[in-house]
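Asker: Sharing a structure with you now.
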Amino acid sequence: MTDSNDDNVVSYQKNKNFPFSLALVSLIGFSILNLEYNEPIIPVLGFHGIINPKNTDSRSQLGLMHYPQEDLEKLLVNLINDNYWFLSTQDLYDFFLTKSQKIPTKYRNQKPIMISFDDGYKTVYTNLIPLLSKLENKYGKKIKVVLFINPATLARKGSKKFTHLGCQDLRDGLKKGFYDIQSHGLNHKDLTTLNRRELINELVQSRTKLRQCTQDLDPEQKVASHFAYPYGAYNKQVESYVAKYYLSSYLYNDEIVTHTCLKNYYEIPRLMVNREKSTTQLLEIARGIFPKQHKEKNKEICQ
Ligand SMILES: [Zn+2]
């Protein structure tokens with residue numbers, strides 16, 4: 001009993017100081033926010049398909065992994081207004097990881113972000129290209145998106161199967177300047193379960209087939225130079241083979257790139273985006289006001 005009385009006295013005294021504590025907490029809070037804002041982070045967002053509830057084609061793809069088109073539009077408009085630079089995989093590699101090239105003057109005042117889409121869903125063509133074209137016409141800004149593709153799942157020519165992109169869709173998005181086409185393994189297999197021969201086949205065939213599809217449009221062979229591990233699954237062996245055929249590789253681990261301390265180009269963090277992440281949450285993450293768990297994980301990467 002006495003203990004609880006003592007507690008009451010303490011809490012009463014605390015309450016008397018409440019306005020002062022509140023001011024102090026707010027002050028500390030603001031400085032933390034400011035520090036966070038200045039952290040050299042590059043959010044890499046990992047989407048899958050884009051659903052448009054009005055479009056009957058996408059009815060079968062209403063899974064959690066597919067993001068609503070109108071929410072994506074809201075996000076992109078906000079990012080355009082906030083003066084973001086939509087990085088390609090080669091941009092991240094050249095300007096931030098290896099720093100082998102100086103950031104061109106026109107990008108110096110911009111904040112970097114990468115928007116990626118995995119698994120080559122058809123809706124990344126049917127619902128995303130019209131949206132990107134609309135935003136380009138309205139705001140005069142071309143948004144580059146990264147596609148991590150499994151060439152074995154590409155729709156065959158003339159096929160009526162509408163779940164996945166075809167080579168012609170990839171070529172069209174590339175010609176229009178919206179797509180940065182990269183590799184996600186030939187068949188979307190968990191690479192940690194494969195023997196050496198199967199692993200090499202997944203890595204090499206994926207690159208060969210994507211480059212065959214885009215050859216004449218990609219003289220510098222930027223297509224399939226970078227990789228994303230299917231299921232985000234990797235180990236030391238997988239990583240060492242990916243390093244033989246690709247310049248960098250992306251995870252799917254819900255963490256954020258702090259490029260100043262990212263030493264391993266084959267473990268680039270990506271944030272998982274599904275329908276549960278609202279536009280507002282994604283914008284907060286992009287602005288560096290991300291939830292506590294991201295901050296803590298981020299620190300570990302930096303050590
Ligand atoms: Zn995937």
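Asker: Given the conditions (1) among the polar types (S, T, N, Q); (2) within 16 Å of the ligand (Cβ to nearest atom); (3) in a helix (DSSP H, G or I), and given that Gln90 satisfies all but one, which numbered condition is not satisfied?
Answerer: Among (1) among the polar types (S, T, N, Q); (2) within 16 Å of the ligand (Cβ to nearest atom); (3) in a helix (DSSP H, G or I), Gln90 violates only (2).
Asker: Scan Ser116, Ser133, Ser159 and give me the residue that is closer than 25 Å to Val204 by Cα and assigned by TED's automatic domain parsing to the domain that holds Val238.
Answerer: It is Ser116.
Asker: Out of the residues in the stretch 158-204 that are at pLDDT 95 or above and β-branched (Val, Ile, Thr), state the one that is surrounded by the most Cβ atoms within 10 Å (Cβ to Cβ).
Answerer: That would be Ile181.
Asker: Sort through Lys189, Lys175 and tell me the only one that's touching a residue at least 24 places away in the same chain (Cβ under 8 Å), in the same structural domain as Lys99 (by TED's automatic domain parsing) and more than 16 Å from the ligand (Cβ to nearest atom).
Answerer: Lys175
Asker: Listed residues Tyr245, Tyr229, Tyr241, Tyr252; which is at pLDDT below 95, hydroxyl-bearing (Ser, Thr, Tyr) and either within 16 Å of the ligand (Cβ to nearest atom) or out of contact with any Cys (no Cβ under 7 Å at 6 or more places or on another chain) (or both)?
Answerer: The match here is Tyr252.
Asker: Being among the basic types (Lys, Arg) and modelled with pLDDT under 95 narrows it down to one residue among Lys74, Lys106; which is it?
Answerer: Just a single option satisfies the conditions, and that option is Lys106.
Asker: While we're looking at this one, here's another question. Among Ile149, Ile181, Ile113, which is the only one that is in contact (Cβ under 8 Å) with a residue 24 or more places away in the chain, closer than 23 Å to Ile256 by Cα and more than 16 Å from the ligand (Cβ to nearest atom)?
Answerer: Step by step, each of Ile149, Ile181, Ile113 is checked, and only Ile113 is in contact (Cβ under 8 Å) with a residue 24 or more places away in the chain, closer than 23 Å to Ile256 by Cα and more than 16 Å from the ligand (Cβ to nearest atom).
Asker: Within the stretch 212-226, track down each residue that is at positive phi and either part of a helix (DSSP H, G or I) or more than 16 Å from the ligand (Cβ to nearest atom) (or both).
Answerer: Across the stretch 212-226, the qualifying residue is only Gln221.
The values are calculated or read from the model by the stated rules, or taken from the named source; none is laboratory data. Because the structure is a prediction, the values reported are computed rather than measured. Methodologically, a virtual Cβ is constructed for each residue, glycine included, from the backbone with ideal geometry; neighbour enumeration extends over all protein chains shown.
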